[in-house]
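The values are calculated or read from the model by the stated rules, or taken from the named source; none is laboratory data. Just so we're clear, the structure is a prediction, and the values are computed from it rather than from any experiment. Don't worry about glycine lacking a Cβ; one is built from the backbone with ideal geometry, like all the others, and counts go over all protein chains shown.
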Amino acid sequence: MNKKPGSFPTIHFANIFFEEELKSPQKSLKELLYSHPIYLQLQYLPSLYKKKEDFFLASSPFFGSLPLFSDKPLKGKLESWAPSLALKEYASKKGLSYEIPPWDLVKKVHRKDFRYDYLFEKEFGELFWDFDKLLHWVKKSPFPKVLKKTLSKAGRGHLVLLSLPKKLEEKLKVFCQNDFPILAEPWFKRVLDFSSQWEISPKGEIQLLGTTLLKNNQQGVYLSSQVGEEKKLFGSFLPFVKKHLLFVENVCKDLRKKGFFGNLGIDAFVYEKENQFFLHPLVEINARKTMGYVALQFQQHSFPGKTLRLSYLPSRQKITSKNLLPEKIETTTFPRALHYQIH
């Protein structure tokens, strides 16, 4: 590693297994990384968002990465995708500086039900701790609707109910598995999904990094992020985005007061109801970097001033641009690929 004399580099690692570690904090770094193929592939995301003078760690040598599991000590500051107990232990053994907020606070902020510290309108959904009350709500309220587990991610851990299903009680029990609380929401007619990316420094400085236009499939699974000039991205919906930013700035101030620091990705959307548009200002808080963050940094480093779309799609789809991530590591072939388009 070459760096100016007297200075230490920033070394990145994308611990995409963050949600897995929240559920199983006793697992080792290697156990977490190898617990799902997507974690192995997306560990190379720092190659897109790091600064030129920075380095990043990975389990296999692609894109100039440093070896994650080498016995050699390292010097510098470790920057992760999300807070991690496993990385805290790793950094201590390697001689890297690494600071995270209190783990219990990280878990609290990232849960989907935490948003109810700031959202009070029942039209945005309700939280249920009791199966019978949830069952009653599902039967009573109008369809369609969606149920969400509090530690689900990227549209997974969701149950979409378009109409009253047969064997409703049995279906709900299979979904819930006593994993309460369950978030129950009406199904909104969404017309614009977007996010804002923030960073709270350990000293408490709050920085808005940018906004991104989101594209999800019908189940809410992430497909792409688009970044660029806000007027072009959001058009007539830009006032809703500005309103969201004011709302979230106050959320960030409260999180700072609670002792949280690090990256935040805040999702929101505009929806249509009775021929009018309304803002859902806080769909969820991601207490980590997101693909929107990657898109913003990649665009700023490589295509400043351009409109860029970053898409994470099944490999079988024909895309003109090359895959930005490895297609195979060791014996694992990945089913998805990361592509970009410039507009």
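Tabulated data for the structure shown
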{"read-out": "Filtered residues of the range 59-104 (kept if at negative phi and part of a strand (DSSP E or B))", "value": "66, 67, 77, 78, 79, 80, 96, 97"}
{"read-out": "Selection within the range 273-306 - out of contact with any Ser or Thr (no Cβ under 8 Å at 6 or more places or on another chain) and part of a loop (DSSP other than H, G, I, E, B)", "value": "274, 275, 287, 288, 289, 303, 304, 305, 306"}
{"read-out": "Residue selected from the range 208-226 under the condition of a type in the set (S, T, N, Q) and under 17 Å from residue 292 (Cβ atoms), by the criterion surrounded by the fewest Cβ atoms within 10 Å (Cβ to Cβ)", "value": "217"}
{"read-out": "Test result for residue 312, over 30 Å from residue 20 (Cβ atoms), of a type in the set (Ser, Thr, Tyr), touching a strand residue (DSSP E or B) at 6+ places or on another chain (Cβ under 6 Å) and part of a strand (DSSP E or B)", "value": "no"}
{"read-out": "The range 130-148, residues that are part of a helix (DSSP H, G or I) and either of a type in the set (Lys, Arg) or free of Cβ contacts under 8 Å to residues at least 12 places away in the same chain (or both)", "value": "132, 133, 136, 139, 140"}
{"read-out": "Residue selected from the range 79-122 under the condition aromatic (Phe, Trp, Tyr) and buried (at least 21 other Cβ atoms within 10 Å of the Cβ), by the criterion farthest from residue 151 (Cα to Cα)", "value": "90"}
{"read-out": "Within the range 249-286, tally of residues that are in contact with a Pro (Cβ under 7 Å, 6 or more places away or on another chain) and either among the aliphatic types (A, V, I, L, M) or loosely packed, with under 14 Cβ neighbours inside 10 Å (or both)", "value": "2"}
{"read-out": "Some residue of the range 79-90 being outside the structural domain of residue 261 (by TED's automatic domain parsing), under 20 Å from the mean Cα position of the chain (by Cα), over 17 Å from residue 265 (Cβ atoms) and among the charged types (D, E, K, R)", "value": "no"}
{"read-out": "Residue 283 being modelled with pLDDT under 95 and either of a type in the set (Asp, Glu) or out of contact with any Gly (no Cβ under 8 Å at 6 or more places or on another chain) (or both)", "value": "yes"}
{"read-out": "The range 227-241: number of residues that are surrounded by 13 or more Cβ atoms within 10 Å (Cβ to Cβ) and over 19 Å from the mean Cα position of the chain (by Cα)", "value": "7"}
{"read-out": "Tally of residues being of a type in the set (A, V, I, L, M, F, W, C), within 23 Å of residue 49 (Cα to Cα) and not in a loop (DSSP other than H, G, I, E, B) across the range 10-29", "value": "4"}
{"read-out": "Selection within the range 149-160 - over 19 Å from the mean Cα position of the chain (by Cα) and without any contact (Cβ under 8 Å) to a residue 24 or more places away in the chain", "value": "159"}
{"read-out": "Failed criterion for residue 112 (all others in (1) modelled with pLDDT of 95 or more; (2) farther than 24 Å from residue 297 by Cα; (3) under 23 Å from the mean Cα position of the chain (by Cα) hold)", "value": "(1)"}
{"read-out": "Qualifying residue in the range 258-272 (condition: modelled with pLDDT of 95 or more and assigned to a helix (DSSP H, G or I))", "value": "yes"}
{"read-out": "Residues (without any contact (Cβ under 8 Å) to a residue 24 or more places away in the chain and either touching a Phe, Trp or Tyr at 6+ places or on another chain (Cβ under 6 Å) or small (Gly, Ala, Ser) (or both)) located in the range 163-201", "value": "163"}
{"read-out": "Where residue 322 falls short, out of the listed (1) in a strand (DSSP E or B); (2) in contact with a His (Cβ under 8 Å, 6 or more places away or on another chain)", "value": "(1)"}
{"read-out": "Enumeration of residues in the range 307-331 that are in contact (Cβ under 8 Å) with a residue 24 or more places away in the chain and either exposed (fewer than 12 other Cβ atoms within 10 Å of the Cβ) or under 18 Å from residue 222 (Cβ atoms) (or both)", "value": "308, 309, 310, 311, 312, 313, 324, 325, 330"}
{"read-out": "Residue within the range 167-183 that is surrounded by 17 or more Cβ atoms within 10 Å (Cβ to Cβ) and either over 30 Å from residue 18 (Cα atoms) or of a type outside the set (A, V, I, L, M, F, W, C) (or both) present", "value": "yes"}
{"read-out": "Residue satisfying condition, being touching a helix residue (DSSP H, G or I) at 6+ places or on another chain (Cβ under 7 Å), in a helix (DSSP H, G or I) and outside the structural domain of residue 224 (by TED's automatic domain parsing), within set 127, 159, 172", "value": "172"}
